[in-house]
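The values are calculated or read from the model by the stated rules, or taken from the named source; none is laboratory data. Just so it is clear, the structure is predicted and the values come from calculations on it, not from any experiment. So basically every Cβ, Gly included, is an ideal-geometry build from the backbone, and we count neighbours across all protein chains shown.
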Amino acid sequence: MNQDERKTAREPVKIRNRDIPLLSRVLYIMQGVSATEQLRSWQQDRLWNITQKITGLPGGGGVPGGYEKNFSAIGEIEEKFASQCEEYTQEMQEAEAILNAIQSETMRIFVIMKYVLHMPDRRIMRELNIRRWKLDKMSRAIEEAESMDKVVWNERYALK
């Protein structure tokens, strides 16, 4: 990859479709929720181990009773987790409404793969069994539309 290709690869893609940025955020919000969930689990395990050492009981009496600092930390993590879950739920509801507005099932699957899951083009082409020109045509149809419900796509086959 030469310098010009790297430079163009870093520039943001200019699109008309106002729905694409929201769909792109869904994956990252979900990853943030997952990371906080893992931190929460780790902190709870930590409190459990502290309780066992303090009390000398193998089970810690069933209720974590570690240091005040650790209780405060878990409380902050719980608040952060609840707020992230709420944000994720709102974004998912908006994303679901956007995706359901796409009439074509093929186009809906393509949008999920490309703009929500951020799959590489080669994998999308392999999974959907399409060629590069078809992928480019689908991308243009989406990116040039005002919103997802305005995307015009004619299916190859239609029932009469």
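If you go through the range 34-49 and pick out every residue that is among the aliphatic types (A, V, I, L, M) and within 18 Å of residue 84 (Cα to Cα), you end up with 2. Within the range 122-136, the residues that satisfy the criterion of being outside any helix (DSSP H, G or I) and loosely packed, with under 15 Cβ neighbours inside 10 Å are 129, 131. Restricting attention to the range 106-120, the residues that are assigned to a loop (DSSP other than H, G, I, E, B) and surrounded by 15 or more Cβ atoms within 10 Å (Cβ to Cβ) add up to 1. Of the residues 128, 135, the single one that is in contact with a Phe, Trp or Tyr (Cβ under 9 Å, 6 or more places away or on another chain), over 17 Å from residue 24 (Cα atoms) and modelled with pLDDT under 90 is 128.
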